[in-house]
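Trainee: Encoded as structure tokens, here's the structure I'll be asking about.
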Amino acid sequence: MGYSKTGANCRGGYPMKKIVFIGNHPESVPLLENLIQKGKVNFWELSLIITRPDRQVGRKKNLTPSALKNLALEKGIPFLTPLKIATSFDRLATLKPDLILVSDYRQRIPTSILKIPALGCLNVHFSKLPQYRGPSPVPSAILAGEKEIGFSFFLMDESFDTGPLLFTSQFPIDPKDTSGSLIQKLYQKTAQTLPLALKKYFAGRTKPVPQQKKNVSYTRYLNRKDGKINWQKNDGEIERMIRAFSPWPGAWTFWKGKRLKIWQAHLDEKGKLVLDHLQLEGKKMLPLADFIKGYPDFSLANLKAQL
């Protein structure tokens, strides 16, 4: 079936569940595409997408829509791009969705909106809750040297990431994973897992389970200052930091008075740090060999010595 501006009420005598998605991350597109596809046989439809406003991108500052807005335009799904989610209340109250799905929206959802859907607001969170609650679970897990990371589907309440769980599972962290690559993998896995979880929940075969009160940990928002490398740390910690902070905020230091981003590094057989890709302020990212051509005196030892 196609997606109308108002959403269908039934198909074949069965009521269609109306789902609203609220989120920003471009890697969530496969998740929504699979929800749309599975909805044809599971009696739900994606009735509305709420995502961030268009942003100025690049040196020319061209106004660019989010990947989720582009998906909505491609599929003919209604969308909103509010500065503040609270301004979407009237539209949501009129739509009366059965479920609101939230992932990486970066704004607190008001209680008034949480109360609208009959089946609640379901959050997709990349940790095995109650571990790594908060906005940066993936970089935090990489920084900590975790071998696995969880992902959880939980019903939102008025606190952050504390609501009852519908589903939780573990996922391996590859030693080469950056936050960017791991988030991409997690969204792909979630795209495979979520439709069945929703099917069971809509059918009443899954009951929310309260989170346990032990092993609780929290994360916080990252900023550019977090990316500054502390060379007093051991090589293993620095290598994890470089992976954890790629692509944001990026691990950085200074070289000859200019900011130097280290995008990729690895540990050799002896556990020593080896730099792979670097980017000097105002320049392109380069492999180490090409970077040294422009700066013949560059080495990791010299980098540390001048700080």
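A short reminder: the numbers here are calculations on the coordinates, not readings from a lab. On a predicted model such as this, the values are computed, not experimentally measured, just so you know. Cβ placement follows ideal geometry from the backbone for every residue including glycine, while neighbour counts extend to all protein chains displayed.
Trainee: When Tyr132, Tyr105 are ordered from fewest to most other Cβ atoms inside 10 Å of their Cβ, what list results? Each step should come with its number before you reach the end.
Mentor: Details: Tyr132 25, Tyr105 17.
Taking fewest neighbouring Cβ atoms as first place, the list is Tyr105, Tyr132.
Trainee: Give a quick list of trypsin sites (Lys or Arg not before Pro) in the range 247-292 that DSSP marks as loop, anything other than H, G, I, E or B, with at most 13 other Cβ atoms within 10 Å.
Mentor: Numbers: sites: Lys256, Lys258, Arg259, Lys261, Lys270, Lys272, Lys283, Lys284; in loops: Lys256, Lys270, Lys272, Lys283, Lys284.
Sites meeting the loop and neighbour criteria: Lys256, Lys270, Lys272, Lys283, Lys284.
Trainee: Determine the dipole magnitude for the chain: charges of +1 sit on the beta-carbon of Lys and Arg, -1 on that of Asp and Glu, nothing else is charged, the reference point is the Cα centre, and the result goes in debye to the nearest 20.
Mentor: On the way: 48 positive and 25 negative charges, 124 e Å.
So the dipole magnitude of the chain works out to roughly 600 debye.
Trainee: Compare Val138, Val41, Val274 in a GNM of the chain, Cα atoms joined below 10 Å, and give the one with the largest fluctuation.
Mentor: Among Val138, Val41, Val274, the largest mean-square fluctuation in the Gaussian network model of the chain belongs to Val41.
Trainee: A further question on this structure: Compute the distance in nm between two label points, each set 7 Å from the Cα along the Cα-to-Cβ direction, one at Arg59 and one at Arg224.
Mentor: 1.9 nm
Trainee: May I ask what percent, to the nearest 5, of DSSP beta bridges between residues of the range 10-202 are antiparallel?
Mentor: Values: 16 of 32 bridges.
Rounded to the nearest five, the antiparallel share is 50 percent.
Trainee: Determine the calculated [θ] at 222 nm for the chain from helices alone, applying -39500 (n - 2.57) to every DSSP H run no shorter than 4 residues and normalising by the residue count; nearest 500 deg cm²/dmol.
Mentor: Details: 9 runs with 88 residues, N = 307.
The per-residue figure over the chain is -8500 deg cm²/dmol.
Trainee: Ok, one more. Give the whole-number value, in cubic angstrom per residue, of the convex hull volume spanned by the C-alpha atoms of the range 190-307. If you can, show how the numbers build up before the last one.
Mentor: On the way: hull volume 23.0 nm³, N = 118.
Hull volume normalised by residue count: 195 Å³.
Trainee: Which one of Gly236, Leu114, Gln170 has its Cα pushed farthest toward the positive end of the charge dipole of the chain, where Lys and Arg give +1 and Asp and Glu give -1 at the Cβ?
Mentor: Looking along the dipole axis, the top candidate is Leu114.
Trainee: Ok, one more. Glu269 to Trp231: FRET efficiency via 1/(1 + (r/R0)^6), r the Cβ-Cβ distance, R0 25 Å, to the nearest 0.05?
Mentor: Working: r = 22 Å, r/R0 = 0.87.
The computed FRET efficiency comes out at 0.70.
Trainee: Based on the alpha-carbon set only, what is the convex hull volume of the chain divided per residue, in Å³? List each step's numbers first, then the result.
Mentor: Numbers: hull volume 46.4 nm³, N = 307.
In the chain, the Cα hull volume divided by residue count equals 151 Å³.
Trainee: With the cut-off at 24 Å, tell me which of the pairs Lys213/Lys233; Lys284/Lys304; Lys69/Lys96; Lys176/Lys200; Lys69/Lys200; Lys176/Lys258 have Cα atoms farther apart than that. Walk me through the numbers on the way to the answer.
Mentor: On the way: Lys213/Lys233 32 Å; Lys284/Lys304 22 Å; Lys69/Lys96 21 Å; Lys176/Lys200 35 Å; Lys69/Lys200 29 Å; Lys176/Lys258 28 Å.
Correct reply: Lys213/Lys233; Lys176/Lys200; Lys69/Lys200; Lys176/Lys258.
Trainee: Taking the Cα centre as origin and putting +1 on Lys and Arg beta-carbons and -1 on Asp and Glu beta-carbons, what dipole magnitude results for the range 224-305, to the nearest 20 debye? Provide the component values of the computation, followed by the final result.
Mentor: Numbers: 16 positive and 10 negative charges, 82 e Å.
I would put it at about 400 debye.
Trainee: Once each part is reduced to its C-alpha centroid, what is the distance from the range 231-307 to the range 138-184 in angstrom?
Mentor: Their Cα centres are 27 Å away from one another.
Trainee: Would you work out if the range 93-207 is rounded, prolate or oblate? Take a ≥ b ≥ c from the square roots of the eigenvalues of the alpha-carbon gyration tensor; rounded if a/c is under 1.5, else prolate when a/b is larger than b/c, oblate otherwise.
Mentor: Working: a/c = 2.22, a/b = 1.66, b/c = 1.33.
Prolate.
Trainee: Pop the C-beta distance of Lys284 and Ala305 into the FRET formula with R0 = 30 Å and round what comes out to the nearest 0.05.
Mentor: Working: r = 26 Å, r/R0 = 0.85.
Efficiency at R0 = 30 Å is approximately 0.70.
Trainee: Given labels modelled 7 Å from the Cα in the Cβ direction, how far is it in nm from Ser181 to Ala93?
Mentor: Placing both labels 7 Å beyond Cα along the Cβ direction yields 4.8 nm.
Trainee: Right, another one. Positive end of the dipole of the range 224-305, charges at C-beta (+1 Lys, Arg; -1 Asp, Glu), about the Cα centre: which of Leu267, Tyr295, Gly282 has its Cα farthest in that direction?
Mentor: Most positive-ward Cα: Gly282.
Trainee: By Kyte-Doolittle mean hydropathy of at least -0.5 and Cα axial length of at least 18 Å, which whole DSSP H helices of the chain are selected?
Mentor: Details: long enough: 29-42 (20 Å, 0.04); 179-202 (32 Å, -0.16).
Span-like helices, by this rule, are 29-42, 179-202.
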